[in-house]
Amino acid sequence: MRNDMQALLERGAYGLGGGDGGGNIPAWLDLPDPKGFRPKRKYETVWISDIHLGTRGCNAEMLVDFLRSVECRTLYLVGDIVDGWRLSKGWYWPDAHNEVIRRILKMAHRGTRVVFVAGNHDEMLRDYAGLTFGGVELVLEAVHETKDGRRLLVTHGDAFDGVVLYHKWLAFLGDKAYGALLRANIVFNAVRRKLKMPYWSLSAYMKKKVKNAVQYVCSFEEAVATEAINRGFDGVVCGHIHCAEIREFGGITYYNDGDWVESCTALVEDAAGHLSILDWIAETGGHTAPADALLEAAE
């Protein structure tokens with residue numbers, strides 16, 4: 001698995017769907033996108049995390065639809081973009097997952113600063129922190145200054161998760177149970193699509209109903225916020241727990257950008273420095289653009 005990911009990085013992911021394989025920039029990066037059916041939204045900054053490429057639970061089509069609908073100066077990928085835990089057990093990588101990589105690389109090629117904060121599911125990339133691949137900066141954490149002058153710590157968040165940090169075997173056990181719930185979510189939504197019903201996350205609903213899960217989320221948020229306070233930041237942006245949230249803690253603001261497995265959310269900053277959560281399911285009614293409209297012009 002480590003060698004597979006290293007090869008992908010060394011190629012800068014350019015080999016996905018184009019290029020001559022010799023290190024030159026592929027033609028598809030400069031091709032125009034198909035004409036969109038909605039105007040692009042312009043933001044200063046966009047944060048997304050917990051995409052989990054390489055898993056069946058990843059809502060790649062919905063994410064491509066989102067990325068093609070926005071423009072931003074800076075895009076933060078706040079960890080768990082690629083799910084190394086799953087890929088180490090068996091390779092799963094449909095073309096929709098290639099489309100996510102292509103879209104991110106196109107954004108970087110066209111002037112968006114793309115910063116990848118490695119998470120625990122893609123922890124194999126942490127050895128490459130400080131390097132840039134395909135215009136994407138790999139880091140362990142980042143500091144972002146908003147347009148209104150606030151300093152935000154940007155971190156995936158697994159370092160503040162006692163289960164992952166101290167009991168990794170338990171995290172893997174929980175990952176198996178969570179995976180089973182996500183598989184049920186896939187079947188559930190496949191039936192909804194046949195009935196012409198929009199996407200709805202069964203797994204997210206179940207998490208919100210389980211008392212221990214709610215307590216865990218609250219404890220995690222407090223731990224991350226305390227770290228930001230101790231380090232003198234005005235706020236913190238993280239992912240990891242798949243729960244989009246904006247909360248105030250002791251004078252700082254905690255932001256969680258959610259995920260693209262269950263909630264399909266992003267955190268966005270406007271021209272005035274105001275941050276808000278963008279719920280793409282609510283924005284689209286749970287429906288993405290037609291499949292042919294999501295394909296890159298190179299296809």
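Laboratory data are not the source of any read-out in this text; all were calculated from the coordinates shown. Because the structure is a prediction, the values reported are computed rather than measured. Cβ coordinates were reconstructed from backbone atoms using ideal geometry, including for glycine residues, and neighbour counts include every protein chain displayed.
At a glance:
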read-out: Local net charge near residue 255, Cβ-Cβ under 9 Å (Lys/Arg +1, Asp/Glu -1); value: -1
read-out: Computed E for residue 73/residue 126 - FRET, C-beta separation, R0 25 angstrom, nearest 0.05; value: 0.45
read-out: Which of 147, 196 has the fewest Cβ neighbours within 10 Å, and the rest in rising order; value: 196, 147
read-out: Sorted by Cβ neighbour density within 10 Å, fewest at the top, the residues 238, 243; value: 243, 238
read-out: Which of 28, 47 has the fewest Cβ neighbours within 10 Å, and the rest in rising order; value: 28, 47
read-out: Per-residue HN-Hα couplings for segment 101-112 [Karplus 6.51, -1.76, 1.60; θ = phi - 60°; Hz; x = Gly/Pro]; value: 4, 4, 4, 5, 5, 5, 4, 5, 5, 8, x, 6
read-out: Listed peptides 274-285, 116-127 by packing density, highest first (mean Cβ within 10 Å); value: 116-127, 274-285
read-out: Entries of 42/194; 89/196; 106/147 with Cα pairs more than 31 Å apart; value: 42/194; 89/196
